[in-house]
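Enquirer: Sharing a structure with you now.
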Amino acid sequence: MFEQCKWIWGNSQAKPDEYIDFKLAFKAEEGKKYALHLSCDTDYALYSDGRLVSFGQYGDYPDYKVYDTISLDDVVHPGENELILTVWYQGVDTQTYIVKPAGAIFQLTEDNQPILCSSENIPSRVTPGYVPYQEIQITMQLGFSFLYDANLIAEPFKPNSYAVSGLPMELFPRPIKKLELAPRHMATVVQSGGYYAYKGEVKKLSQRMDRAGLVVRTDEPVKVLGAGEQVTVTRLPGEDGIYAILDMGAETAGFLDMDFTVDAPCDVMIGWGEHLLDGRCRTSIRNYIMTYKAKAGRNQFLHPFRRLGCRYVQIFIAGEGATLDYVGVRETFYPLNVKKYESGNLLRDRICNVAVNTLCQCMHEHYEDCPSREQALYTLDSRNQMLCGYYAFGETEFPKANLNLISHGIREDGLLSICYPSGLDVPIPSFSLAYFIQMWEYLVYSKDVDFIREKYPFLQKLLGTFLRRQREDGLINDFNEKPEYWNFYEWSYGMIGLETMEQVGFMVIPAPLNAMLSLALQNLANIAEALDYDADAVAYRNEAVRINGAIAKAFYNPETKLFESFDCRSQGDYSVLTNSLCVLCGAAEGVDTSVMLKIMVDNGAADTGLTVRSSTLSMNAFRFDALLKVDKEKYGPLILAEIDRIYMDMVQEGATSFWETALGAADFEGAGSLCHGWSALPLYYYEILKA
């Protein structure tokens with residue numbers, strides 16, 4: 001594949017945030033099969049006669065470049081055909097993208113034989129409409145938004161392209177299915193009227209949306225766009241424009257889709273959000289904004305290069321008025337067979353349905369922590385997502401692809417990067433250890449011994465990064481050699497680890513990290529046994545036992561009957577997560593666990609009189625698993641009752657997906673995600689704790 005092809009671009013010096021079109025013209029014969037094999041940096045959309053045919057470059061690495069195979073059976077017709085390939089180059093590192101040279105490589109085949117290959121002979125042009133080089137950052141994870149000008153006239157195609165270097169010629173086939181584009185969801189106009197523009201200075205354009213004065217037209221009947229209805233909003237004297245806020249009905253991840261009519265050219269701002277707690281979308285908490293210059297008349301626009309994760313979309317039009325046929329999100333989804341959860345318990349059935357939507361909105365090219373502000377693959381987040389997905393979807397292809405993608409994120413220091421792929425890296429050491437849990441659980445559910453055997457040397461190398469740091473007693477310090485290391489454990493005070501990034505060289509011995517190391521050793525021992533590497537398994541188990549003994553000696557307080565979290569902070573630093581991990585890894589064997597079990601059951605201080613940090617939603621799996629390890633029959637019903645209570649509260653608040661933490665939108669200074677993959681845990685525990 002691609003032996004006759006070259007990587008090409010539309011000019012010799014690509015710049016960040018640039019869009020280029022390539023024209024693929026060919027003659028097709030009736031009865032023959034046509035396909036396009038394609039890879040690019042950064043993302044692509046393929047069109048035929050103005051219709052979107054395919055989209056979505058797989059997130060990859062410089063040494064692991066992935067190509068798509070796109071069937072053209074429903075596109076090609078006998079005779080002359082023309083495809084337009086639009087490629088967007090981001091060109092700036094983010095936590096979901098690593099900079100590589102701009103380029104596209106493709107091969108068009110007829111009955112599996114190449115008939116058109118990317119080369120300097122391919123016509124190209126600057127993509128009409130998209131205004132390049134704006135570099136409007138949404139978040140450090142997502143990267144850029146866009147400015148589109150519908151008034152720009154398309155340039156003619158140039159007769160040639162430019163060959164580029166620096167991209168690999170060995171490419172790998174996409175390991176998962178392509179995303180699909182759903183039909184339009186109906187979007188309800190929940191608010192509309194006029195606005196007064198904010199005239200002050202702002203750093204972000206999204207702040208203008210947040211600070212604009214809104215005039216609500218209360219006499220307008222409710223309109224549902226996408227069902228044949230329209231809404232017309234007219235500016236009143238003194239107002240600067242009109243606006244509308246649309247409800248997709250549920251948390252939705254997909255492309256901005258607009259169809260509206262204006263009398264004259266005007267500026268348009270589009271924002272999005274997960275709630276309307278401020279009377280509008282909270283756009284400036286990050287920079288949730290896209291910009292568009294409308295032409296006079298009808299404007300139809302679908303943006304296929306950036307997914308929005310939201311429930312609400314708002315549009316500000318700086319004109320006399322507009323007629324909206326549609327403004328909303330066109331859902332992109334990974335095709336799955338969902339196993340319907342039917343327990344007869346209406347509450348649990350409802351919770352499971354919401355949990356499934358949570359997982360689906362966080363699965364695209366790879367697992368995503370959330371569809372709103374990051375869309376990033378983390379080991380710990382995806383561990384929960386995989387565990388729930390084994391039961392919800394009954395497939396292992398997607399987890400395998402993600403585990404493989406993670407393995408390409410190994411750093412020079414031996415740790416895994418924070419996300420996969422990630423060009424802005426702040427590694428979390430404890431998350432590298434979570435990878436061993438993921439790999440063992442994948443083997444349990446998939447029985448895919450060949451993949452695990454292939455990755456076994458990699459797992460040994462990754463574990464060695466931690467074992468080389470051991471002190472004489474077997475314990476390891478936090479990673480504090482560089483300010484880039486993030487010694488994070490969970491989102492609770494004292495466990496976040498941000499303060500250690502400012503204390504380079506100040507070594508702390510953390511109980512959570514050592515308990516995670518013990519668990520990693522035990523999971524790798526399980527893997528070694530499954531691969532018949534018995535000597536390795538014995539060695540790993542013995543080392544876990546040694547570390548467990550050292551944890552008990554260094555951190556267990558016989559007076560409080562709890563494990564301290566750290567060795568050199570003030571005494572009395574207790575957390576539910578730390579004690580759960582110590583029980584789960586076996587460090588608590590041989591000590592009095594009565595108080596630990598109390599705080600784990602109550603997720604807090606219980607009646608101990610101590611200050612104990614609660615476990616957050618993301619880490620409840622460790623707490624629940626520790627309790628089940630002690631006594632499944634006793635603690636199973638208590639876990640189910642707690643899940644019912646916590647998730648019922650979210651459902652009663654109108655949640656269509658589950659939140660990042662129990663605080664919801666209020667957390668993280670108002671930026672809390674209302675859709676987070678790690679919170680879908682009811683799917684797993686309802687299933688394994690069935691009567």
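The values are calculated or read from the model by the stated rules, or taken from the named source; none is laboratory data. Predicted, not measured: the structure shown is a model, and the values here were computed from it. In this analysis, Cβ positions are derived from the backbone assuming ideal geometry, glycine residues included, and neighbour counts consider all displayed protein chains. Please note that ligands, DNA and RNA were not included when accessible areas were found on the heavy atoms of the full protein model with its side chains. Shrake-Rupley method; radii C 1.70, N 1.55, O 1.52, S 1.80 Å.
Enquirer: For the structure I just gave you, tell me whether P304 is in contact with a Leu (Cβ under 7 Å, 6 or more places away or on another chain), modelled with pLDDT of 95 or more, in a loop (DSSP other than H, G, I, E, B) and open to solvent by less than 10 Å² (accessible area, probe 1.4 Å).
Expert: For P304, the condition - in contact with a Leu (Cβ under 7 Å, 6 or more places away or on another chain), modelled with pLDDT of 95 or more, in a loop (DSSP other than H, G, I, E, B) and open to solvent by less than 10 Å² (accessible area, probe 1.4 Å) - is met.
Enquirer: List the helices (runs of 4 or more DSSP H) inside segment 569-663, counting only whole elements, that have at least 3 residues being crowded, with 24+ Cβ neighbours inside 10 Å.
Expert: Here the list reads 576-585, 594-602, 620-630.
Enquirer: Return a yes/no flag: does segment 349-367 have any residue that is open to solvent by 10 Å² or more (accessible area, probe 1.4 Å), farther than 22 Å from K455 by Cβ, part of a loop (DSSP other than H, G, I, E, B) and not β-branched (V, I, T).
Expert: Checked against the condition, which is being open to solvent by 10 Å² or more (accessible area, probe 1.4 Å), farther than 22 Å from K455 by Cβ, part of a loop (DSSP other than H, G, I, E, B) and not β-branched (V, I, T), segment 349-367 yields no hits at all.
Enquirer: Further question: What residue, among those in segment 373-393 that are in a loop (DSSP other than H, G, I, E, B) and open to solvent by less than 10 Å² (accessible area, probe 1.4 Å), is nearest to W440 (Cα to Cα)?
Expert: L377
Enquirer: Take the conditions touching a residue at least 24 places away in the same chain (Cβ under 8 Å) and over 25 Å from S673 (Cα atoms) and apply them to R298. Does it pass?
Expert: Against the criterion (touching a residue at least 24 places away in the same chain (Cβ under 8 Å) and over 25 Å from S673 (Cα atoms)), R298 qualifies.
Enquirer: Another question, if that's okay. Picking from G494, G474, which residue would you name as being more than 30 Å from D448 (Cβ to Cβ) and modelled with pLDDT under 95?
Expert: G494
Enquirer: Find the residue count for segment 423-447, including only residues that are open to solvent by less than 30 Å² (accessible area, probe 1.4 Å) and part of a loop (DSSP other than H, G, I, E, B).
Expert: Looking only at that region, the number is 3.
Enquirer: Against the definition (within 14 Å of C388 (Cβ to Cβ) and assigned to a loop (DSSP other than H, G, I, E, B)), how does S673 come out, yes or no?
Expert: no
Enquirer: Give all pairs with beta carbons closer than 7 Å in which a residue from segment 223-242 that is acidic (D, E) meets a residue that is at pLDDT below 95 and surrounded by 14 or more Cβ atoms within 10 Å (Cβ to Cβ); count only pairs at least 6 apart in sequence or on separate chains.
Expert: Here the result reads E229/K223, each pair linking segment 223-242 to a residue that is at pLDDT below 95 and surrounded by 14 or more Cβ atoms within 10 Å (Cβ to Cβ).
Enquirer: I need every pair where a residue in segment 188-209 that is closer than 18 Å to V222 by Cβ and touching a residue at least 24 places away in the same chain (Cβ under 8 Å) has its Cβ under 7 Å from the Cβ of a residue that is of a type outside the set (G, A, S) and assigned to a loop (DSSP other than H, G, I, E, B), sequence separation at least 6 or different chains.
Expert: That search, which allows pairs on different chains as well, returns T188/V222; V189/V222; S192/R217; S192/E220; G193/R217.
Enquirer: Within segment 47-90, work out how many residues are buried (at least 22 other Cβ atoms within 10 Å of the Cβ) and on the phi > 0 side of the Ramachandran plot.
Expert: Final tally of qualifying residues: 0.
Enquirer: What number of residues in segment 162-204 are hydroxyl-bearing (S, T, Y), at pLDDT 95 or above and not in a strand (DSSP E or B)?
Expert: Total satisfying the criteria: 1.
Enquirer: Now, a different point. So if I check each of G31, G79, which one is in contact with a Lys or Arg (Cβ under 9 Å, 6 or more places away or on another chain) and of a type in the set (G, A, S)?
Expert: When all the criteria are applied, what remains is G79.
Enquirer: Condition first: surrounded by fewer than 20 Cβ atoms within 10 Å (Cβ to Cβ), more than 25 Å from the chain's Cα centre (by Cα) and within 23 Å of P132 (Cβ to Cβ). Now tell me which residues in segment 270-298 satisfy that.
Expert: The answer is K293, K295.
Enquirer: Which of the following residues is surrounded by fewer than 16 Cβ atoms within 10 Å (Cβ to Cβ), modelled with pLDDT of 95 or more and among the charged types (D, E, K, R): D93, D111?
Expert: D111 is the lone residue from the list that is surrounded by fewer than 16 Cβ atoms within 10 Å (Cβ to Cβ), modelled with pLDDT of 95 or more and among the charged types (D, E, K, R).
Enquirer: Do we find that L152 is crowded, with 17+ Cβ neighbours inside 10 Å and not hydroxyl-bearing (S, T, Y) in this structure?
Expert: In short, no.
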